[in-house]
Structure formats: structure tokens, C-alpha cells
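Here is the structure we will look at, set down as C-alpha cells.
The values are calculated or read from the model by the stated rules, or taken from the named source; none is laboratory data. Everything quoted here is computed from the prediction, not taken from an experiment. Neighbour counts run over all protein chains shown; Cβ positions are idealised from the backbone, glycine included. We work out accessible area using only protein heavy atoms, side chains counted, and drop any ligands, DNA or RNA first. Shrake-Rupley method; radii C 1.70, N 1.55, O 1.52, S 1.80 Å.
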Amino acid sequence: METTLNQSCYEYLVQNSNRIGDFVALTGTCGNVRISRFIKDVDLVAAYLSAAGVKQGDVCTIFMPTCGQAFVAFYALSKIGAIANIVHPLLPPEAIDRILTNVGSKFVFVLDMLISPYESVIKKHRCHVILCSLADYAKLSERPLYKLAAISKRPAKTLKKSTVIRYIDIVNELYKIEDVSVCKCDAKETSVYLHGGGTTGKSKTIMLSAFAINSVAFKINELDVPHEVGRELSLVVLPIFHAFGLAVAMHFSLCAGYGCITMHEFNAKKANDLIKKYPVAFIVGVPNMFKKMHQEANFKGPHLRRLRLLFSGGDTVSESFVDVFNATLAEYGGMGRLMRGYGLTEVASVCCVNNYNAYRENSIGMPLKGLEIEIWDENQNSLSRNTIGEIVVSGDTMMNGYFQDDAVQDDGIYTDENGKKWIMTGDLGYKDKDGFIFFTGRKKRMIVISGYNVYPYNIESEVLKLKYISEACAVQGYVDEKPIVKLYVTLREPVANTKKIEEEIRDYCEKTLDKFSVPRKVVVLDAFPRTKMAKIDFLKLTDPVPQSNMRTQRDPIDPNEQRELKNPRDNRQKKSLEVLEAGEGFDDEIKSTEIEQETEETVVEDVAQTVENMPESGDLQETEPVSETKETTEE
């Protein structure tokens with residue numbers, strides 16, 4: 001991979017593609033689109049935006065699920081030096097209104113079947129629209145279904161015709177516009193806005209540079225082994241409004257020559273069908289995605305030997321599940337293994353990960369080359385090995401800061417006495433004698449019982465050793481206004497007597513945990529509440545602080561009370577390979593449509609429900625977007 005990182009993401013992609021050759025960049029869920037065609041489409045969209053008045057430093061919004069048009073939009077904005085404001089396509093209109101008020105936006109890239117609820121917000125902010133359709137890159141046989149689904153939503157009915165342009169018309173060169181040269185801007189200036197919770201808990205807009213994103217792609221490439229370009233694919237499930245999806249799943253994949261199979265909506269059975277049908281070698285995802293895939297009957301088979309580079313991040317994953325998942329790969333001759341990693345948007349995604357050269361059970365791995373990770377107390381002092389404190393990160397993938405209207409720009413960044421900047425992650429962990437990092441939980445999740453720090457991760461990890469437990473979440477609770485540990489669990493199989501199970505769990509915890517970590521209350525749930533990224537929503541499970549405690553509750557982190565981990569267990573007891581830790585995954589599991597052909601009526605109904613039940617492609621053909629100029633946007 002190219003070593004010149006101080007350039008735009010567009011230039012980095014072009015340089016790498018020139019080195020690699022004309023591989024298939026998009027495939028699987030769409031027709032084959034080679035990298036030469038992909039870059040041509042990027043150039044056409046960039047030229048249109050430039051001709052429409054978008055200049056260096058202007059903001060344009062990408063409001064799309066995982067699809068080829070979202071990828072093209074990102075690189076087109078990179079080429080002309082504009083800032084890509086990438087947002088979740090299912091945020092409520094009120095949230096989009098707040099974001100656009102905050103950062104501004106000249107253009108919005110949006111999917112035709114999703115635009116209707118947002119038209120008033122788009123009009124309010126006087127944004128021009130580039131209207132995309134899943135039909136743009138679909139197989140010819142599937143295009144009518146996508147069009148019918150979009151028409152049923154009556155897209156852009158209230159927007160002026162002059163403010164809406166169709167993506168398909170741009171890439172089919174309906175507009176004769178001269179190519180635009182690459183903007184020679186500073187690659188370390190902000191080029192991307194992503195939106196997250198921030199390390200301090202408040203929702204913030206995070207500013208990233210092209211240099212940081214290129215650096216992540218380059219560092220991940222160093223963990224890979226040489227591969228035959230064009231013969232291996234990447235299954236891209238994470239959306240690009242997610243830092244891992246942007247920097248790793250998309251940018252690394254394309255720059256390393258992996259063709260991308262994009263999934264608009266995750267479905268475990270469909271994902272398994274895709275890795276069975278196509279030579280998928282690389283997947284990056286959240287733990288529940290891998291859990292759901294492993295649960296499905298169609299996961300197993302000789303195709304697993306092709307899976308080689310598998311990274312899990314964004315949430316905790318137990319060693320028992322990693323063992324079972326990797327054993328299944330090995331059963332079918334696979335040499336790959338699922339690697340646990342760690343990162344955050346403030347460092348452009350991954351900063352620490354296990355790999356084939358450095359792996360330790362239960363850990364989140366070692367820092368990527370060129371990054372530093374330390375463990376600090378509350379006074380920014382480095383702690384000794386095996387001592388829990390806050391994880392802090394420094395290096396060339398750091399954000400430029402938070403957007404000015406969200407907070408002080410360097411909020412969450414600490415500058416030490418030597419002028420070095422560190423990201424304060426708000427996460428707790430420790431470093432062992434060999435430099436492996438272990439994640440123990442969120443700083444804000446830590447529970448204080450009788451002045452002792454209790455770490456939910458330790459409780460959850462222990463409870464997950466019970467074969468009948470699916471997932472566990474320990475939170476702060478209160479009984480008679482006194483703090484307690486409350487433990488919620490889900491079971492692999494339903495039982496008639498949950499009270500008996502709750503008692504068994506308590507008895508087990510009393511034997512295996514220190515007395516302060518033993519849950520006073522255990523609750524069996526049918527399913528956990530989830531955040532939009534499918535993580536367990538622990539805040540919904542946490543008891544509110546009693547009013548009488550509001551002013552007397554002590555700071556949960558006291559550097560004088562940090563406890564040494566006398567014997568951190570690097571080698572947890574192996575679980576039986578028959579045990580699968582099943583996890584609740586993304587909301588609303590949906591049926592596969594690869595085998596059963598859907599009717600047009602079914603597609604219209606399903607797509608209206610936020611792009612669920614997308615039909616999968618059959619045998620692929622080399623395709624380009626088809627020119628269609630008869631349909632027009634109404635006033």
C-alpha cells in the first residue's frame with residue numbers, strides 16, 4: 001500500500017488503484033463495478049459539485065446506508081476539498097435539523113426511498129439534493145423492483161425541481177461538465193464530520209482529517225498478508241457514518257484491492273449466503289453481527305476456509321464466543337480467526353487490535369504501529385502494569401477536535417508537559433507486562449460500592465462462563481437508597497422457573513467474585529434494550545441516583561483507591577466447543593430473499609420499512625449505471 005499518507009483520501013485511493021490494477025471494486029449486492037468505473041463516477045460527481053459552486057471547505061452531507069453511491073460521494077468530496085458530513089440515514093428529522101443547523105450543508109446525498117420524512121428539513125436549510133437509488137448499480141433484473149419501491153414513497157414531491165438532481169443522471173454524463181482538478185489542500189485539515197457520543201458522554205461532531213483516515217488504512221494493511229488482488233472480497237456491513245466502516249471496511253478495503261460487497265441492511269442469514277457464494281476474506285463488524293452469523297445454520301461449510309481477516313470492535317466480546325467461532329472456522333479447514341480490537345471515532349476508528357503476530361486471550365491487543373496507549377489515573381499520571389485506569393491514546397490518527405459549536409474544540413484532548421496530545425477515551429483498562437491492553441469497561445459505567453471500585457466487565461465475563469447464559473449486563477442499582485450491583489441476563493433457552501436461575505447465578509457469583517462485585521439483584525430478561533448500533537443500552541437498565549444521594553455521591557474514580565490486578569488471568573478456561581454464546585443482535589431479524597423470489601408488492605412494503613429485506617443478487621454480470629432520463633422530479 002502507498003506510504004504517502006499526507007494527501008486526500010481520493011488521491012490515496014487513486015495511487016493505490018494505479019499500483020494494483022483494474023480490480024472489481026463493487027460486487028455481490030450489485031452488478032460488478034470495476035475500480036476504473038468507480039473512479040470515473042467519483043470524477044463525474046466531483047465535477048458536478050464543483051460546477052454547482054461547492055468549494056474547498058464547504059460542507060456536504062452524506063445521508064445514506066451502506067452502498068456504492070455513499071462511497072462515491074465520499075471520494076468526490078475528498079477530491080474537491082469539501083467536508084463530508086456523514087450522518088445516520090435513520091436519524092429522526094429533528095436530529096438532522098440540529099446537525100444541519102450546527103455545521104451547515106450545501107448538498108445532501110440521500111436515498112430516494114428514505115427522503116420523504118426529511119424534505120421539510122432540507123427545504124428549511126436550502127440544501128440541494130443528489131437523489132440516489134439502489135437501482136443505480138443494481139442488476140438489470142432488479143432495477144424495476146427498486147424503482148417501484150421508491151415511487152411508492154413519492155420522493156422529493158415537495159422539493160423544487162431545480163434543487164434536485166438524480167445521481168444516475170450525473171454518472172451517465174447527462175450534464176456535459178469538464179473534469180475538475182484535485183484540490184491541493186492540507187491533508188491534515190478537517191475533511192470529515194462524524195457524529196458520536198464523544199469521550200465525555202455528550203453527543204458531539206468529531207472532526208477527522210484525510211491524513212488520519214489514510215493512516216488507519218495503512219496501519220491495518222501492515223497486519224494483512226500479501227493477497228491476490230481481485231480474488232478476495234470484503235463484506236462491508238458497517239456503514240460509513242461509523243468510523244470503522246469509513247476508515248477500515250471501505251477505505252482500507254478499496255486501497256488494498258479488496259472488492260466490496262455492500263449490505264444496505266444487516267441480516268445474518270443473507271450475510272452467510274454472501275460469504276458462501278463469493279470469496280470473502282475480510283470482515284470487520286461488531287460482536288453481535290458475528291454472533292448472529294454464527295447462530296444461523298447456513299454459517300458452517302467449506303467456504304469458511306476463505307475467511308482470513310476478521311476484526312471485531314465497537315463492543316465487548318467474550319473469550320468463550322471467540323473460542324467457539326474460531327473452532328468452527330478450524331473445523332472446516334480455515335486458518336483465519338476472529339480478532340478482538342478496540343478503537344473510537346476520536347482516533348479515526350481502530351487503535352489497538354490482536355493480530356497473527358501478537359495475540360493474547362481476553363485482551364484487545366497491542367497498539368497499532370505509530371500509536372501510543374497508556375493507562376492514567378485521574379491526575380494524568382501513568383499507572384504501573386496490571387493497574388486499572390483510564391485508557392489514553394496518542395498518535396497520527398487523532399481527531400482535530402470537536403466541532404466548535406458542540407464544545408470547546410479540544411475538549412477530551414489533554415496536552416502533556418512535553419506538548420504531546422492525548423485522547424482521553426473515558427474507557428477503563430490495564431496494560432500487562434508485555435504491553436497487551438485489557439478493556440475493563442466504561443469509566444461512566446463503573447460502580448462504587450462502599451468506596452470500592454466495581455467493574456461491570458469483570459462481573460459479566462465471569463457470569464458468561466455459565467453455559468446457559470446468552471448475554472449479561474451489570475449496572476448500578478439502588479436498594480433503600482444504597483448502591484448495589486444489579487445484574488441483567490438473557491438465557492440461551494427459555495426456562496419455566498427464572499427465580500431458580502437467578503438464585504443459581506447469585507450463588508455462583510458469591511463463589512467466584514469479590515464480595516463487592518456480587519450482584520444483590522439478578523434479573524432474567526427476554527431481550528436486552530439496544531442502542532442504534534446494536535449495543536446493550538446499559539443506561540436504560542441503570543437505576544437513577546436517589547435524590548438524597550445527589551449531593552453526597554463521591555467521585556467514582558479515586559487514584560488512591562486503584563487496585564492492582566494481582567494475577568490477571570490471561571488464560572481463561574476453555575469452554576466446550578458445543579457451547580455457543582448466543583447474542584441478541586440488530587433489531588428486527590428479517591428473512592432471506594436470496595432463495596425465495598419476492599413479489600413487487602413485497603418489495604414495496606418492505607423497503608418502506610427502512611430498507612429492510614433487500615433482494616440479493618444472483619449471478620453477477622459486468623454492469624454500468626443505465627441512462628434513464630424520462631422520469632423527472634416534480635415541483
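When you scan the range 507-533, how many residues do you find that are of a type outside the set (S, T, N, Q), part of a helix (DSSP H, G or I) and open to solvent by less than 70 Å² (accessible area, probe 1.4 Å)?
Within the range 507-533, the first condition is being of a type outside the set (S, T, N, Q), and the residues that meet it are 507-511, 513-516, 518-530, 532-533.
Adding the requirement that they be part of a helix (DSSP H, G or I) leaves 507-511.
Now narrow it down to the ones that are open to solvent by less than 70 Å² (accessible area, probe 1.4 Å): 508-509.
Final tally of qualifying residues: 2.
Among (1) farther than 29 Å from I39 by Cα; (2) over 20 Å from the mean Cα position of the chain (by Cα), there is one condition N288 misses while meeting the rest; what is its number?
Failed condition: (2).
Tell me, please, whether a residue that is surrounded by fewer than 21 Cβ atoms within 10 Å (Cβ to Cβ), more than 26 Å from G230 (Cβ to Cβ) and more than 15 Å from the chain's Cα centre (by Cα) can be found in the range 300-307.
yes
Being in contact with a strand residue (DSSP E or B) (Cβ under 6 Å, 6 or more places away or on another chain), under 22 Å from P519 (Cβ atoms), surrounded by 16 or more Cβ atoms within 10 Å (Cβ to Cβ) and not hydrophobic (A, V, I, L, M, F, W, C) narrows it down to one residue among Y468, Y455; which is it? I'd like the intermediate steps shown before the answer.
Values: Y468 fails: surrounded by 16 or more Cβ atoms within 10 Å (Cβ to Cβ).
Going through Y468, Y455 in turn, just one is in contact with a strand residue (DSSP E or B) (Cβ under 6 Å, 6 or more places away or on another chain), under 22 Å from P519 (Cβ atoms), surrounded by 16 or more Cβ atoms within 10 Å (Cβ to Cβ) and not hydrophobic (A, V, I, L, M, F, W, C): Y455.
Within the set of pairs 6 or more residues apart or between chains, which connect a residue that is touching a residue at least 40 places away in the same chain (Cβ under 8 Å) and of a type outside the set (A, V, I, L, M, F, W, C) inside the range 245-265 to a residue that is surrounded by fewer than 24 Cβ atoms within 10 Å (Cβ to Cβ) and in a helix (DSSP H, G or I) with Cβ atoms less than 6 Å apart?
Here the result reads G257/I20, each pair linking the range 245-265 to a residue that is surrounded by fewer than 24 Cβ atoms within 10 Å (Cβ to Cβ) and in a helix (DSSP H, G or I).
Which of the residues belonging to the range 83-102 are open to solvent by 20 Å² or more (accessible area, probe 1.4 Å) and not in a loop (DSSP other than H, G, I, E, B)?
Of all residues in the range 83-102, those open to solvent by 20 Å² or more (accessible area, probe 1.4 Å) come to 88, 90-94, 97-99, 101-102.
Matches in the range 83-102: P93, E94, D97, R98, I99, T101, N102.
Select from the range 385-403 the residues that are without any contact (Cβ under 8 Å) to a residue 60 or more places away in the chain and of a type in the set (S, T, Y) and list them in ascending order.
S394
Out of (1) in contact (Cβ under 8 Å) with a residue 60 or more places away in the chain; (2) more than 13 Å from the chain's Cα centre (by Cα), what's the single condition that is false for E228?
(1)
Residues to consider are H227, H125, H195; find the one that is open to solvent by 40 Å² or more (accessible area, probe 1.4 Å) and modelled with pLDDT of 95 or more.
Numbers: H227 fails: modelled with pLDDT of 95 or more; H195 fails: modelled with pLDDT of 95 or more.
Being open to solvent by 40 Å² or more (accessible area, probe 1.4 Å) and modelled with pLDDT of 95 or more holds for just one of H227, H125, H195, which is H125.
Out of the residues in the range 18-37 that are part of a helix (DSSP H, G or I) and touching a residue at least 40 places away in the same chain (Cβ under 8 Å), state the one that is least open to solvent (accessible area, probe 1.4 Å). Walk me through it before giving the result.
Going residue by residue through the range 18-37, those that are part of a helix (DSSP H, G or I) are 18-20, 35-37.
Among the residues that remain, those that are also touching a residue at least 40 places away in the same chain (Cβ under 8 Å) are: 20, 35, 37.
Working: I20: 38, I35: 5, R37: 27 Å².
Filtering first and then ranking leaves I35.
Please verify whether the range 315-332 includes one or more residues that are open to solvent by less than 10 Å² (accessible area, probe 1.4 Å), under 30 Å from G412 (Cα atoms) and not hydroxyl-bearing (S, T, Y).
Yes, the conditions are met somewhere in the range 315-332.
Out of all the residues in the range 279-287, is one or more closer than 23 Å to Y457 by Cα, open to solvent by less than 10 Å² (accessible area, probe 1.4 Å), assigned to a helix (DSSP H, G or I) and in contact (Cβ under 8 Å) with a residue 24 or more places away in the chain?
Yes, there is a match, as at least one residue in the range 279-287 is closer than 23 Å to Y457 by Cα, open to solvent by less than 10 Å² (accessible area, probe 1.4 Å), assigned to a helix (DSSP H, G or I) and in contact (Cβ under 8 Å) with a residue 24 or more places away in the chain.
Inspect all residues belonging to the range 475-483 and state whether any of them is in contact with a helix residue (DSSP H, G or I) (Cβ under 6 Å, 6 or more places away or on another chain) and either buried (at least 17 other Cβ atoms within 10 Å of the Cβ) or charged (D, E, K, R) (or both). Please lay out each step first, then the result.
To start, the set of residues in the range 475-483 that are in contact with a helix residue (DSSP H, G or I) (Cβ under 6 Å, 6 or more places away or on another chain) comprises 475, 481.
The next check asks that each one be either buried (at least 17 other Cβ atoms within 10 Å of the Cβ) or charged (D, E, K, R) (or both); those that pass are 475, 481.
Scanning the range 475-483, I find at least one residue that is in contact with a helix residue (DSSP H, G or I) (Cβ under 6 Å, 6 or more places away or on another chain) and either buried (at least 17 other Cβ atoms within 10 Å of the Cβ) or charged (D, E, K, R) (or both), so the answer is yes.
What's the number of the only condition in (1) open to solvent by 30 Å² or more (accessible area, probe 1.4 Å); (2) more than 30 Å from A187 (Cα to Cα) that G419 fails to meet?
(2)
Anything in the range 359-379 that is surrounded by 15 or more Cβ atoms within 10 Å (Cβ to Cβ), out of contact with any Pro (no Cβ under 6 Å at 6 or more places or on another chain) and outside any strand (DSSP E or B)? List them, or say none.
Y359, R360, E361, N362, S363, I364, G365, L368, L371 - these are the residues of the range 359-379 that are surrounded by 15 or more Cβ atoms within 10 Å (Cβ to Cβ), out of contact with any Pro (no Cβ under 6 Å at 6 or more places or on another chain) and outside any strand (DSSP E or B).
Select from the range 442-498 the residues that are under 16 Å from F528 (Cα atoms), among the charged types (D, E, K, R) and in a loop (DSSP other than H, G, I, E, B) and list them in ascending order.
Of everything in the range 442-498, those that are under 16 Å from F528 (Cα atoms), among the charged types (D, E, K, R) and in a loop (DSSP other than H, G, I, E, B) turn out to be R492, E493.
Picking from K106, K139, K184, K188, which residue would you name as being of a type in the set (D, E, K, R), under 28 Å from T345 (Cα atoms) and crowded, with 18+ Cβ neighbours inside 10 Å? Don't jump to the end; show me each part of the working.
Numbers: K139 fails: under 28 Å from T345 (Cα atoms); K184 fails: crowded, with 18+ Cβ neighbours inside 10 Å; K188 fails: crowded, with 18+ Cβ neighbours inside 10 Å.
Checking each option against the conditions leaves just K106.
Looking at Y48, Y75, Y10, which one is in contact with a Lys or Arg (Cβ under 8 Å, 6 or more places away or on another chain) and either polar (S, T, N, Q) or in a helix (DSSP H, G or I) (or both)? Spell out the reasoning first.
On the way: Y48 fails: in contact with a Lys or Arg (Cβ under 8 Å, 6 or more places away or on another chain); Y75 fails: in contact with a Lys or Arg (Cβ under 8 Å, 6 or more places away or on another chain).
The conditions single out Y10.
When you look at T4, is it assigned to a loop (DSSP other than H, G, I, E, B), crowded, with 23+ Cβ neighbours inside 10 Å and of a type outside the set (G, A, S), yes or no? Please lay out each step first, then the result.
Values: assigned to a loop (DSSP other than H, G, I, E, B): yes; crowded, with 23+ Cβ neighbours inside 10 Å: no; of a type outside the set (G, A, S): yes.
Considered against the rule, which asks whether it is assigned to a loop (DSSP other than H, G, I, E, B), crowded, with 23+ Cβ neighbours inside 10 Å and of a type outside the set (G, A, S), T4 comes out as no.
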